Amino acid sequence: MCLIAVFDDYKRCFRKLDTSNFNDDLVVGTVFFTRDAISVIEKYYRIIGYIMCDDKGAFYPIDVRKNDIALLEGTYNCLEDELKKELVPYNIQTEPVMVWSMFFIRWQFLCDWEAFENCGGFINIASKIVGNEKLMKKIIDDKIDYVLPVNYKELSQMVRCLNKLFGVDFYNKDYYEEVNYLFDSLVNGYHINMTAEEVDTYCYQLCDFALKKIEEKHV
């Protein structure tokens, strides 16, 4: 008996997993997981913004949001059996407010390739990583993940990721002392209390800053 519930995007209801569906070309099914599932997925795959990849170069789309994660039914069926089993306890079986993020809709369902550049700095940087063979090798070799942050710990991990991959130095002698302290804290992992709104704001500000530095280096 399969314990995974799949949301049927057309009928707007949950159904059993179709284990024969590996591509979602005809039937679009969505599998939702709590955000805690990230730690399970990272044991098997690296997460780079909107994709998961293994050490053999296989890529799968993933929609990581602030409150949950969504995978296409076909993607879930392609995963290793052990990972699929480990994900079962995290399966959400009630319809969330958002089935797919706007970026994911534009990318996967509308084939809007401009979405990589005009859906914000976080996605833009992710696309630069995914499109760079050297950076992807480093991601895999060093087990680095680039995940949309929702708390201070994840924001710190994101900053360290950008530093490792692009050599982005957030410190600047012309910044206010408290701003440099913030950057130093994020790079070195000091404990700072941040609200969810502050994490969200800093995430996009830091990504925009990093993006300018990356473009200056022509990475």
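No value in this document is a laboratory result; all are computed from the given coordinates. Quick caveat: nothing in here was measured; it's all calculated off a predicted structure. As a convention, Cβ positions derive from the backbone with ideal geometry for all residues, glycine included, and neighbour counts pool all protein chains shown.
Shown here for the stretch 52-123: GluC sites (Glu not before Pro) in loop regions (DSSP other than H, G, I, E, B) with at most 16 other Cβ atoms within 10 Å, namely Glu80, Glu114. Relative contact order of the chain: 18 percent, from C-alpha pairs under 8 Å at least 6 residues apart in sequence.
Against the chain, whose longest principal axis is taken from its Cα atoms, helix 177-188 shows a tilt of about 50°. Convex hull volume of the Cα atoms of the stretch 1-148, normalised per residue: 112 Å³.
Filter the trypsin sites (Lys or Arg not before Pro) in the stretch 1-92 down to the DSSP loop ones having no more than 14 other Cβ atoms within 10 Å, then list what survives. Walk me through the numbers on the way to the answer.
Values: sites: Lys11, Arg12, Arg15, Lys16, Arg35, Lys43, Arg46, Lys56, Arg65, Lys66, Lys84, Lys85; in loops: Lys11, Arg12, Lys43, Lys56, Arg65, Lys66.
Here the sparse-neighbourhood loop sites are Lys11, Arg12, Lys43, Lys56, Lys66.
To the nearest ten degrees, helix 152-166 and the longest principal axis of the Cα atoms of the chain are 70 degrees apart. Among the listed pairs Lys56/Lys217; Lys43/Lys137; Lys16/Lys143; Lys43/Lys138; Lys164/Lys212, those with a Cα-Cα distance over 24 Å are Lys56/Lys217; Lys16/Lys143. Judged by the ratio a/c of the largest to the smallest principal axis of the C-alpha gyration tensor, the stretch 13-69 counts as oblate, that ratio being 1.5 or greater while a/b is no larger than b/c. Quick check: pseudo-label points 7 Å beyond the Cα along Cα→Cβ at Lys212 and Glu114, how many nm apart are they? Roughly 2.5 nm, to one decimal. Only residues of the stretch 129-158 count here: report those whose backbone N is under 15 Å from the spot 7 Å along Cα→Cβ of Tyr190, or say none. The answer is 153, 156.
Helix 196-217 sits at what angle to the longest principal axis of the chain, using alpha carbons and giving 0 to 90 degrees rounded to 10? Here the helix axis deviates by roughly 70 degrees. Within the chain, the longest run free of chymotrypsin sites (Phe, Trp or Tyr not before Pro) that sit in a DSSP loop with at most 13 other Cβ atoms within 10 Å is 11-112.
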